[in-house]
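Since the structure comes first, as structure tokens, the remarks are kept for the end.
The values are calculated or read from the model by the stated rules, or taken from the named source; none is laboratory data. These numbers were taken from a predicted model, which means no experiment stands behind them. Counting neighbours? That spans all protein chains shown, and the Cβs are built from the backbone with ideal geometry, glycine included.
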């Protein structure tokens, strides 16, 4: 067997693989003997089917299988031995004629996409702002109020206000404002906070048996919600032009819990928090921990955007499009691939940049590190479910069972690599810490 490489340009190459009979015939003969031993053909005892008959029946398919195995192994070895940095896998050229019935020697031609070469330097000259959320009194008070509502009780009230839930009947009206015979009728609930702003006012200040008339399309901006509210299909809800009369049957309000010891004990357990001051201090601490992930994510995204703009290189675009069509599990056309290719190319570009960072900075992840990472994730999940942690031995076994799943293991390895890359960024780049208000942070993060 002989493999030659012809570089078309820096990103595309052709591999020509010449296969002669001596390369595959021994494998074919061995496979034929195996088939002969196992063949179960009427009129012959097992293992006694003539070789000629086996060859006539299975010879061509066996030869094709063995040649394909040989090609796959040879291409894989060639790429590894020559340390080629390829994108995707080599694609066989479809315009090559191969006659398995009459040929003994073959030449197979493959297209190959090569990864671009580029330089990337990370240094303290690269400056970033590391933004954190300012945990001020207003934010703490807001979360205190939200928690009190979450642990509050539902009560019936006489007059509706913003945030209330109104129960009642929707009935469709005709052009004259009369109840439409055979029209839509539905007993439903209206949560005032989900109404459009111009409609919300009409539902404030209502009492039991009060009536309000609204346009269907002004009840909700979401056709799915409107369909559920009126008991119709989404397609019907999208085209409704009628007005509806809503008659109030009841008004529910979530009354906030008193901020007292009973609520503290419900949330943190008996005696863990013993005053409103301690409660707010706990909230401040939890908010700080909660927003760390948001700060990390924003910083990481800023770095990705910066490096994607800093590093310029091309991809073997046409090859990659053909490769995506060829390997996709579901049939796709080149037009479909064209429509999504920009997003794919961005993802691939970052993958190449990140791989270069990992390689040039000798970042490695051990199995022990991934097991430890998995154990921490399991413990975090237990914390969310308010369950007692398992023993160290059980925790270790559970982590290993999770990692036995190849897809999960791949994901967890990537997470640990991501953590190490993040650490590299934070210790290499120059960071300016900046604390901003909650709303400013999340408006910027968007």
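Let's see how each residue does on (1) surrounded by 12 or more Cβ atoms within 10 Å (Cβ to Cβ); (2) closer than 15 Å to residue 23 by Cβ; (3) under 32 Å from the mean Cα position of the chain (by Cα):
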site: 71; (1), (2), (3): yes, yes, no
site: 89; (1), (2), (3): yes, no, yes
site: 102; (1), (2), (3): no, no, no
site: 105; (1), (2), (3): no, yes, no
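I'd like to verify a number: residues in segment 79-91 that are in a helix (DSSP H, G or I) and more than 22 Å from residue 322 (Cα to Cα), how many?
Here the count works out to 2.
Going by the conditions given, is residue 124 touching a strand residue (DSSP E or B) at 6+ places or on another chain (Cβ under 8 Å) and surrounded by fewer than 11 Cβ atoms within 10 Å (Cβ to Cβ)?
yes
Show the residue pairs that are 6+ apart or on different chains and have beta-carbon atoms under 6 Å apart, the first residue being within segment 195-208 and in the same structural domain as residue 220 (by TED's automatic domain parsing), the second being in a helix (DSSP H, G or I) and buried (at least 18 other Cβ atoms within 10 Å of the Cβ).
Matching pairs, first to second residue: 200/192; 203/192.
Which one is nearest to the chain's Cα centre (by Cα) among residues in segment 110-136 that are at pLDDT 95 or above and more than 30 Å from residue 421 (Cβ to Cβ)?
111
Within segment 23-33, is even one residue assigned to a loop (DSSP other than H, G, I, E, B), at pLDDT below 95 and either surrounded by fewer than 12 Cβ atoms within 10 Å (Cβ to Cβ) or in the same structural domain as residue 109 (by TED's automatic domain parsing) (or both)?
No, that holds for no residue.
Could you tell me how many of the residues in segment 227-280 are part of a loop (DSSP other than H, G, I, E, B) and within 36 Å of the chain's Cα centre (by Cα)?
So the answer is 5.
When you check residue 76 against the structure, is it farther than 30 Å from residue 355 by Cα, without any contact (Cβ under 8 Å) to a residue 40 or more places away in the chain and part of a helix (DSSP H, G or I), yes or no?
no
Checking residue 248 against (1) within 21 Å of residue 149 (Cβ to Cβ); (2) at pLDDT 90 or above; (3) surrounded by 13 or more Cβ atoms within 10 Å (Cβ to Cβ), which test does it fail?
(1)
Picking from 353, 363, which residue would you name as being touching a helix residue (DSSP H, G or I) at 6+ places or on another chain (Cβ under 6 Å), surrounded by 12 or more Cβ atoms within 10 Å (Cβ to Cβ) and not in a helix (DSSP H, G or I)?
Selected residue: 363, the only one of 353, 363 that is touching a helix residue (DSSP H, G or I) at 6+ places or on another chain (Cβ under 6 Å), surrounded by 12 or more Cβ atoms within 10 Å (Cβ to Cβ) and not in a helix (DSSP H, G or I).
Among 342, 392, 439, which is more than 27 Å from residue 289 (Cα to Cα) and free of Cβ contacts under 8 Å to residues at least 60 places away in the same chain?
From the options 342, 392, 439, the qualifying one is 342.
Could you identify the single residue in 309, 301 that is closer than 24 Å to residue 119 by Cα, over 21 Å from the mean Cα position of the chain (by Cα) and exposed (fewer than 12 other Cβ atoms within 10 Å of the Cβ)?
From the options 309, 301, the qualifying one is 309.
For the structure I just gave you, tell me whether residue 110 is surrounded by 15 or more Cβ atoms within 10 Å (Cβ to Cβ) and over 30 Å from residue 19 (Cβ atoms).
Taking the combined requirement at face value, the residue does not satisfy it.
If I ask for residues that are more than 46 Å from the chain's Cα centre (by Cα) and in contact (Cβ under 8 Å) with a residue 60 or more places away in the chain, which ones from segment 1-59 would you list?
Scanning segment 1-59 gives 20, 21.
Does segment 145-156 contain any residue that is over 30 Å from residue 261 (Cβ atoms) and either touching a residue at least 40 places away in the same chain (Cβ under 8 Å) or assigned by TED's automatic domain parsing to the domain that holds residue 245 (or both)?
no
Rundown of residues vs (1) modelled with pLDDT of 95 or more; (2) surrounded by 13 or more Cβ atoms within 10 Å (Cβ to Cβ); (3) closer than 30 Å to residue 126 by Cβ, yes/no style:
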| position | (1), (2), (3) |
| --- | --- |
| 272 | no, no, no |
| 285 | no, no, no |
| 292 | no, no, yes |
| 297 | no, no, yes |
| 305 | yes, no, yes |
| 319 | yes, yes, no |
| 322 | no, yes, no |
| 327 | no, no, no |
| 330 | no, no, no |
